[in-house]
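Take a look at the structure below.
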Amino acid sequence: MLLLALDTSTPAVTVALHDGERVLAEATTVDPRRHTELLMPLVTSVLHDAGAGRGDLTELAVGVGPGPFTGLRVGLAAARTMGAVLELPVRGVCSLDVLAYGVRAANPPGEPFAVATDARRREVYWATYDAGGVRVSGPDVGPAAGLAERRLPAA
């Protein structure tokens, strides 16, 4: 298995290569106005760093947001195109779920929690998760006060 993951749902462009057990290579560049210019060079760099080629890939994953439409469009179009050209399955993944997985991996199961990212204009994208890291609500967008009312620890 060699999974290439792309995420352009935030101001960052992130690419990682995973072999089913560990991350082989990853790269992130933060520049909210250059997703189109940055994504494919990062893909090339990550494949090179891992000593892999496009033909070695078995699957693609792409962040489906929530996030700004322009950034999402870049990642989704790239993943769909690569999947079609390389005849690979493309899986959409909620970007908040990826962050929640990281929270749960770094902390033993305990209590429910929330994950939030900046939606700009004084709003956040957020979702809530049970103690095991399974999403129970969201993703939603709104003022951070709406999330604060839930009185959950948030990442």
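The values are calculated or read from the model by the stated rules, or taken from the named source; none is laboratory data. Computed from a predicted structure; not experimentally measured. Cβ coordinates were reconstructed from backbone atoms using ideal geometry, including for glycine residues, and neighbour counts include every protein chain displayed. For the accessible areas, the whole protein counts, side chains as well, though only heavy atoms, and no ligand, DNA or RNA atoms are used. Shrake-Rupley method; radii C 1.70, N 1.55, O 1.52, S 1.80 Å.
Please verify whether the stretch 27-37 includes one or more residues that are aliphatic (A, V, I, L, M), touching a residue at least 12 places away in the same chain (Cβ under 8 Å) and closer than 24 Å to Asp140 by Cα. Among the residues of the stretch 27-37, at least one is aliphatic (A, V, I, L, M), touching a residue at least 12 places away in the same chain (Cβ under 8 Å) and closer than 24 Å to Asp140 by Cα, which makes the answer yes.
No other residue among Ala100, Ala61, Ala106 is under 22 Å from Leu3 (Cβ atoms), in the same structural domain as Pro11 (by the TED database) and not charged (D, E, K, R) apart from Ala61.
Would you confirm whether any residue within the stretch 24-39 is within 14 Å of the chain's Cα centre (by Cα), among the hydrophobic types (A, V, I, L, M, F, W, C), surrounded by 13 or more Cβ atoms within 10 Å (Cβ to Cβ) and under 25 Å from Ala154 (Cβ atoms)? Checked the stretch 24-39: no residue is within 14 Å of the chain's Cα centre (by Cα), among the hydrophobic types (A, V, I, L, M, F, W, C), surrounded by 13 or more Cβ atoms within 10 Å (Cβ to Cβ) and under 25 Å from Ala154 (Cβ atoms).
Which of the residues spanning the stretch 43-54 are out of contact with any helix residue (DSSP H, G or I) (no Cβ under 9 Å at 6 or more places or on another chain) and either on the phi > 0 side of the Ramachandran plot or open to solvent by less than 30 Å² (accessible area, probe 1.4 Å) (or both)? Across the stretch 43-54, the qualifying residues are Val46, Gly51.
Scanning the stretch 120-142 for residues that are modelled with pLDDT under 90 and either of a type in the set (A, V, I, L, M) or assigned by the TED database to the domain that holds Pro11 (or both) yields a single hit, Ala131. Can you find a residue in the stretch 55-69 that is open to solvent by 50 Å² or more (accessible area, probe 1.4 Å), in contact with a Lys or Arg (Cβ under 9 Å, 6 or more places away or on another chain) and at pLDDT below 95? Within the stretch 55-69 (the criterion being open to solvent by 50 Å² or more (accessible area, probe 1.4 Å), in contact with a Lys or Arg (Cβ under 9 Å, 6 or more places away or on another chain) and at pLDDT below 95), the answer is no, since none of the residues qualifies.
Which residues, counting only those in the stretch 51-72, are within 20 Å of Ala12 (Cβ to Cβ) and either free of Cβ contacts under 8 Å to residues at least 60 places away in the same chain or within 11 Å of the chain's Cα centre (by Cα) (or both)? Within the stretch 51-72, Leu60, Ala61, Val62, Gly63, Val64, Gly65, Pro66, Gly67, Pro68, Phe69, Thr70, Leu72 meet the criteria.
Residue-wise test of (1) part of a strand (DSSP E or B); (2) free of Cβ contacts under 8 Å to residues at least 24 places away in the same chain; (3) open to solvent by less than 50 Å² (accessible area, probe 1.4 Å).
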| position | (1), (2), (3) |
| --- | --- |
| Gly83 | no, yes, yes |
| Leu88 | no, no, yes |
| Leu96 | no, no, yes |
| Tyr101 | no, no, no |
| Glu111 | no, no, no |
| Val115 | yes, no, yes |
| Thr128 | yes, no, yes |
| Ala131 | no, yes, yes |
